Amino acid sequence: MITNPIKLSPKFFRAAFMLILAYTSTGFAQAQSKLDLANYCTKVRLSDDLEISLYTPTMFRVRISALEEEKFPPRYEIPFVIGKLSNWEPVDYRQWDEGEYHCVETAVLRIRMSGEDLRWEVWSRGGEKQIFPSEGKIYGMFRDGYTVFDNASAFDERNNNSRYSHWFYNPETKRYVDTYLHEDLIYDRYFIYGPDYPSLFSQFNELTGPAPLLPLKGYGFFQTQHLGCTGTQEKLIQLARDLRERDIPCDNLIIDFEWGDGCPGQEEKFWGQLDWSPEYQHPLTPEQMISTLDSMHFKVMLIHHSAPDFPNRAINTPLRVRDWTSRVYPEDLWWEKLHEKMDIGIVGTWQDTRQNDITDGIIWKGMQDYIGPGNRVYFMGCRKMMDLNPFEVERDNTLPANNMIGTRRYPFKWPGDVHNTYRELKWQINAITNTHGSMKGVSYITADCFGKNWKIQARWNQFIDFNSVSKSHTNKPWQKIMNFHDLSKIMDFTHEGVKVEAPGKEELREAYQGLSREELALLPTAENSIRKHRKVRYRMIPYIYSAAYENYLTGMPICRPMLLAFPDDLRVNRDQWPYQYMFGENLLVAPVYADLNSMEIYLPEGFQWIDYWDKTVYDGGQIIDYNTSDIEKLPLFIRSGAIIPMRKDQNWIETGEVWDPLTLDIYPDSVSSFTLFEDDGRSINYQKGEYSKTVFECNADADKIFIRAGRAVGAYAGMPVRRSVILQVNLLDECPYRVIIGRETSEKNEDREAFNTTSSGWYYDRDNRMVHIKFGKASSEETNVQIIMHR
């Protein structure tokens, strides 16, 4: 538990975080100065084989070296866990010996290192309070206001990778695989002190390197075509047509091993092949197929069970998980085959190779180097973690033990082949948004969305649509269930030469055998629920993208568990509510994880909370019993004061789209604000500071609501000079007396139809207790709006 001697209000905590965000968003991109390994950071040599690297007054590394000759050569300065590739500012310190202890003190911390057994402690400056070690509960990778970790994991959590440093950044090749230390000769442990969460995440983000932004279309939905070896090009194109015809938002299609990876000609022989299956080469060429899908606004990715044999690839990969990399090819050949596909329009790869020591990093960076700075990588790797793996019941996968900490820089991840039950859904809600995802500094994790019945399918999709990445692996939204014949072909597998029937097959047979075609057609599906919630996600893309920017700039996760979002609320700050979370700063999500007619939800103190669907207002600081009998409704609440930017209603995202009109969904409180981030949506120029941020503010009392749309700060290619802005101001029980835009009283429209035909005006929607206001706004100018409630 994080302690703070001063009791801060939730609103003060939010304001403090926004100050951190404002500071980092102006300075982060410019921080990448020239790298000089010999002077990378402040060094304190304690003995022949012991060194402390001071990064900041609150962050350091303890390195123990068993190297012969030169103990601390510059070429080993930056191991894979570190992503900061520019020099740190010098850190002032003083050093002395105290009996058996070597002491180093910065402006904030005192480090005491035993010269006898190399045990070390961390105290506050002056030695008044011991910080580390401590006995508090661990939340993700944090304890009592600090974290301590090595190459593999924090607090010595079980991990399948070596804890020693082996791969190091090479400035000449700009890769981590070309400078390699074969033996266990360098052991590093890192310490970061907050003590508050925003400071911890910010420092961790700077040290390990931020998770890059996905392409803007990557925040749309990913649908996998998984038909085993029965998949064809024509079925893929029909899937795309069905998604458009059924009005279901989707931007990205992933083709499973049927594309050629595992099926040469509708026969599954082995995974890891590199050439197209004949079934994906007619009637169109692969390039024509991709062009056809692109014309329908779909991007296409391919699965790979293979990897390039880059230098030192398999040295430290545990044998028991290496078999998921079905084939390893010479590095040049593997890349040649992938480049051929990228040249005709394939945008990325799903690397289903499971052991993510450094493989994800080398492939992710290789793709970015190939496509250049004008485009961003589409990539999915594995962060294997699940309550129950239906194919590996003998193996404990409840920890993401195949991942090293440095892999957080290469989004996005998926947890493996999870089970299709409520129990697994409940486990993944906590794992992804809390324990093994957000609270370990990993924001971009998705899951398969595969439910064994329509209710579970609906609930899985609701959760994943209010997550950093929205993706489904198998079922299409309109399917009742895979028919038994297809399930047999897809899910049976061979293990050590013996055919194994897929778990759950008998259960499915019992549930559906004997039903006629007409009876099957009458079975409910999750389609309506999926359409409803996915459309909400798509409208909120500007909000989600801004949360992604916060994650990039500050490390603050996109999905924030309650203990992170409300650290001063005693009812949540010890993780008492691990299955609900904040999606960005303004939306509270409480996924339904069982077949329940009602569910308890805690609404944090310090705010009012508005039901997204019917606008019922609840006071904070209470537990409510929420009706969950409607399978097609996700419990979703808006924090009072929220300003939620939205785009127009459209089932795909344009590659470089401009949000025009930009709609702001506002829930007035005394004082509130939101920072909107925008860029070109496709290049990595944001890493050089090419983006804009616009602050929107709302101040309200009983008589007047004041809204300020600030000028955009920053610039990027394609930035709009001017656009239309629509304000949706909620929870107004009466029609305003007057609306003033700038200095002019705005004309009131009689209804929505009249409002839609004008470039500036307003009208009051009495049924929804909402006033709609429209005006044009230049990006370089500020616009103020006043809503006068009474004469």
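The values are calculated or read from the model by the stated rules, or taken from the named source; none is laboratory data. All figures in this text were calculated on a predicted structure; none of them were measured in a lab. All Cβ positions, glycine included, derive from the backbone under ideal geometry; neighbour counts span all protein chains shown. Only protein heavy atoms, including side chains, enter the accessible area calculation; ligands, DNA and RNA are left aside. Shrake-Rupley method; radii C 1.70, N 1.55, O 1.52, S 1.80 Å.
Couple of notes before you dig in:
- Region 517-547 - residue that is of a type outside the set (Lys, Arg) and open to solvent by 40 Å² or more (accessible area, probe 1.4 Å) and, of those, modelled with the highest pLDDT: Asn528
- Members of region 629-651 that are surrounded by fewer than 20 Cβ atoms within 10 Å (Cβ to Cβ) and either within 26 Å of Ser673 (Cα to Cα) or of a type outside the set (Asp, Glu) (or both): Ser629, Ile631, Leu636, Lys648, Asp649, Gln650, Asn651
- The one condition from (1) more than 23 Å from Gly220 (Cα to Cα); (2) among the acidic types (Asp, Glu); (3) open to solvent by 30 Å² or more (accessible area, probe 1.4 Å) that Glu690 does not meet is (1).
- Selection from region 258-281 of residues that are open to solvent by 30 Å² or more (accessible area, probe 1.4 Å) and within 30 Å of Asp247 (Cβ to Cβ): Glu279
- Taken over region 200-232, the residue count meeting the criterion of being modelled with pLDDT under 95 and either of a type in the set (S, T, N, Q) or open to solvent by 10 Å² or more (accessible area, probe 1.4 Å) (or both) is 7.
- Restricting attention to region 96-148 and to residues that are among the basic types (Lys, Arg) and touching a residue at least 12 places away in the same chain (Cβ under 8 Å), the residue that is nearest to Pro195 (Cα to Cα) turns out to be Arg143.
- Asp369 falls short on exactly one of the conditions (1) of a type in the set (Asp, Glu); (2) closer than 23 Å to Tyr169 by Cα; (3) within 20 Å of the chain's Cα centre (by Cα), and that condition is (3).
- Residues of region 435-454 satisfying the condition of being over 22 Å from His533 (Cα atoms) and either open to solvent by less than 10 Å² (accessible area, probe 1.4 Å) or part of a loop (DSSP other than H, G, I, E, B) (or both): His436, Gly437, Ser438, Met439, Gly441, Val442
- In region 624-646, residue farthest from Asn375 (Cα to Cα) [restricted to those that are in contact with a strand residue (DSSP E or B) (Cβ under 6 Å, 6 or more places away or on another chain) and assigned to a loop (DSSP other than H, G, I, E, B)]: Thr628
- Residue in region 359-376 that is buried (at least 21 other Cβ atoms within 10 Å of the Cβ), assigned to a loop (DSSP other than H, G, I, E, B) and not β-branched (Val, Ile, Thr) present: yes
- Considering the conditions (1) open to solvent by less than 20 Å² (accessible area, probe 1.4 Å); (2) among the basic types (Lys, Arg); (3) touching a residue at least 60 places away in the same chain (Cβ under 8 Å), Arg708 is excluded by exactly one of them, (1).
- Only one of Asp575, Asp649, Asp665, Asp680 that is touching a residue at least 60 places away in the same chain (Cβ under 8 Å), charged (D, E, K, R), outside any strand (DSSP E or B) and in contact with a Leu (Cβ under 9 Å, 6 or more places away or on another chain): Asp575
- The residue of region 517-565 that is farthest from Arg459 (Cα to Cα), among those that are under 13 Å from the mean Cα position of the chain (by Cα) and in a loop (DSSP other than H, G, I, E, B), is Gly555.
- Remark: Glu654 matches the filter, which requires a residue to be of a type in the set (D, E, K, R), modelled with pLDDT under 95, open to solvent by 50 Å² or more (accessible area, probe 1.4 Å) and outside any helix (DSSP H, G or I).
- For region 580-600, filtering for residues that are among the aromatic types (Phe, Trp, Tyr), in a loop (DSSP other than H, G, I, E, B) and under 26 Å from Tyr410 (Cα atoms) leaves 0.
- Conditions (1) free of Cβ contacts under 8 Å to residues at least 40 places away in the same chain; (2) closer than 29 Å to Ile788 by Cα: number failed by Tyr716: (2)
- Residues satisfying the stated conditions in region 729-762, i.e. open to solvent by less than 40 Å² (accessible area, probe 1.4 Å) and at positive phi: Gly742, Gly761
- Check on Arg189, within 30 Å of Asp309 (Cβ to Cβ), open to solvent by 10 Å² or more (accessible area, probe 1.4 Å) and of a type in the set (Lys, Arg): no
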